[in-house]
Amino acid sequence: MPETLFPKLIVADADAALQFYIDALGAVLKVRHTDDTGRIVHAELELHGHYIAVAEAVTDWGWYSPSTTNGSPVLLTVVSGDPDGVAQRMSDRGARVIVPIEDRPYGKREGRLSDPYGHLWIISGDLFDQADGYDRG
């Protein structure tokens, strides 16, 4: 049985993508490996106890970035106590808002963004924030 599962995001510019995820999501770079040409083949970022990996696109290996496949079929979800703040930091750094952050009828405040590398993100939070006790629903 698997003990760990985390996505590996294939991107056209791994160094720029790593910096975006660090700045916009507060990720911490844990591992960064390059091949003989300097291409990032594996990097790991920690986001509040969860991990994502990032690597440079390598078509010979079947590693295609969303920009070469007309978009990403995967939605990544970030749950935050401040979805508006996360979305704003992402947008300030080049992410495109697909669906604005808004209160949803199913008890969430969320929206969708496309990061500058073509990956799709749902940014979500509960309408009832445990920290301030305010029911936003």
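The values are calculated or read from the model by the stated rules, or taken from the named source; none is laboratory data. Owing to the predicted nature of the structure, the values given are computational and were not obtained by experimental measurement. Every residue, glycine among them, receives a Cβ derived from its backbone with ideal geometry; neighbour counts consider all protein chains shown. What goes into the accessible areas is simple: the full protein's heavy atoms, side chains included, and nothing from ligands, DNA or RNA. Shrake-Rupley method; radii C 1.70, N 1.55, O 1.52, S 1.80 Å.
When only the Cβ of Lys, Arg, Asp and Glu is charged (+1, +1, -1, -1), the dipole of the range 1-122 relative to its Cα centre reaches about 300 debye. Set the Förster radius R0 to 25 Å, insert the Cβ-Cβ distance between Q88 and I22 as r into 1/(1 + (r/R0)^6), and round the FRET efficiency to 0.05. The pair Q88/I22 has a calculated efficiency of 0.95.
The apolar share of the surface of the chain, taken as the fraction of accessible area on carbon and sulfur atoms (1.4 Å probe, ligands and nucleic acids excluded), comes to 50 percent.
Its Cα centre serving as origin, the range 13-72 has a Cβ charge dipole (Lys and Arg +1, Asp and Glu -1) of approximately 140 debye. Between helix 14-25 and the chain there is an angle of about 20 degrees, using the helix long axis and the longest principal axis of the Cα atoms. A Förster radius of 22 Å, combined with the Cβ-Cβ distance separating T68 from E46, puts the computed FRET efficiency at roughly 0.20. With 0.36 nm allotted per residue and the present C-alpha distance subtracted, the T77-L5 stretch has 24.5 nm of extension available. Accessible surface for the range 25-100, divided over its residues, is 60 Å² per residue with a 1.4 Å probe. For the chain, the relative contact order comes to 21 percent (Cα pairs under 8 Å, sequence separation of at least 6).
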